[in-house]
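J.: The structure that follows is given in the form of structure tokens.
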Amino acid sequence: MADLHFPQATRAHAERRHALAPAADDAFRAFSKAVFAEGALDARTKQIIAVAVAHVTQCPWCIEGHVKAARRAGATREQIMEAIWVAAEMRAGAAVAHSVKTLELLKETGEE
């Protein structure tokens, strides 16, 4: 299987994104800073959650950034992998839960 190529984010990309929409970029950065600040959840826990979510959203940049941030915050390899398995179960569970829609449609069309 060939590896997918995703361009590496650079400072130039960040500067261009900011130049094109500075207010939105500033607001997003402030939001991100507030979300990941220490609060009821510590930084390590927040980064572990971010790793799990990044795998569900399938964002390679988010995976890279948040795995590195989680490790810097003290998350173990085992905690990171366990979080990914939780994300996988939740994603699979959603597919099962949404099967109710199909079951109802099949019933409505007399196919059940």
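J.: Output yes when any residue across segment 35-53 is loosely packed, with under 12 Cβ neighbours inside 10 Å, within 30 Å of Pro7 (Cα to Cα) and under 14 Å from the mean Cα position of the chain (by Cα), and no when none is.
T.: yes
J.: Of these, Ala9, Ala14, which one is part of a loop (DSSP other than H, G, I, E, B) and either under 23 Å from Ala73 (Cβ atoms) or in contact with an Asp or Glu (Cβ under 6 Å, 6 or more places away or on another chain) (or both)?
T.: Being part of a loop (DSSP other than H, G, I, E, B) and either under 23 Å from Ala73 (Cβ atoms) or in contact with an Asp or Glu (Cβ under 6 Å, 6 or more places away or on another chain) (or both) holds for just one of Ala9, Ala14, which is Ala9.
J.: Among the candidates Ala27, Ala92, single out the residue that is within 19 Å of the chain's Cα centre (by Cα) and in a helix (DSSP H, G or I).
T.: The conditions single out Ala92.
J.: (1) under 28 Å from His5 (Cβ atoms); (2) open to solvent by 40 Å² or more (accessible area, probe 1.4 Å); (3) at pLDDT 95 or above: which one isn't true of Val86, the others all being true?
T.: Every condition holds for Val86 apart from (1).
J.: Quickly run through segment 30-57 and pick out the residues that are more than 18 Å from Lys68 (Cα to Cα) and either aromatic (Phe, Trp, Tyr) or part of a helix (DSSP H, G or I) (or both).
T.: Listed by number, the residues that qualify are Ala30, Phe31, Ala34.
J.: On to the next question. Please find, among Ala2, Ala30, the residue that is at pLDDT 95 or above, out of contact with any Asp or Glu (no Cβ under 9 Å at 6 or more places or on another chain) and among the small types (Gly, Ala, Ser). If you could, list the steps in order and put the result at the bottom.
T.: Working: Ala2 fails: at pLDDT 95 or above.
When all the criteria are applied, what remains is Ala30.
J.: Sort through Ala75, Ala70 and tell me the only one that's open to solvent by less than 60 Å² (accessible area, probe 1.4 Å), at pLDDT 95 or above and in a helix (DSSP H, G or I).
T.: Ala70
J.: On to the next question. Cβ-Cβ below 6 Å, separation at least six or inter-chain, first residue in segment 87-103 and without any contact (Cβ under 8 Å) to a residue 40 or more places away in the chain, second open to solvent by less than 100 Å² (accessible area, probe 1.4 Å): which pairs?
T.: Going by the 6 Å Cβ cut-off, the qualifying pairs are Ala87/Ala52; Ala87/His55; Ala87/Val56; Arg91/Val56.
J.: Residues of segment 9-22 being over 21 Å from the mean Cα position of the chain (by Cα) and open to solvent by 80 Å² or more (accessible area, probe 1.4 Å), which ones?
T.: Arg11, Glu15, Arg16, Leu20 - these are the residues of segment 9-22 that are over 21 Å from the mean Cα position of the chain (by Cα) and open to solvent by 80 Å² or more (accessible area, probe 1.4 Å).
J.: Exactly one of (1) farther than 30 Å from Pro7 by Cα; (2) not in a helix (DSSP H, G or I) is unmet by Leu106. Its number?
T.: All conditions pass for Leu106, except number (2).
The values are calculated or read from the model by the stated rules, or taken from the named source; none is laboratory data. As the structure is a computational prediction, the values presented were derived from the model and not from experiment. Here the Cβ is made from the backbone with ideal geometry for all residues, glycine too, and neighbour counts use every protein chain on show. For the accessible areas, the whole protein counts, side chains as well, though only heavy atoms, and no ligand, DNA or RNA atoms are used. Shrake-Rupley method; radii C 1.70, N 1.55, O 1.52, S 1.80 Å.
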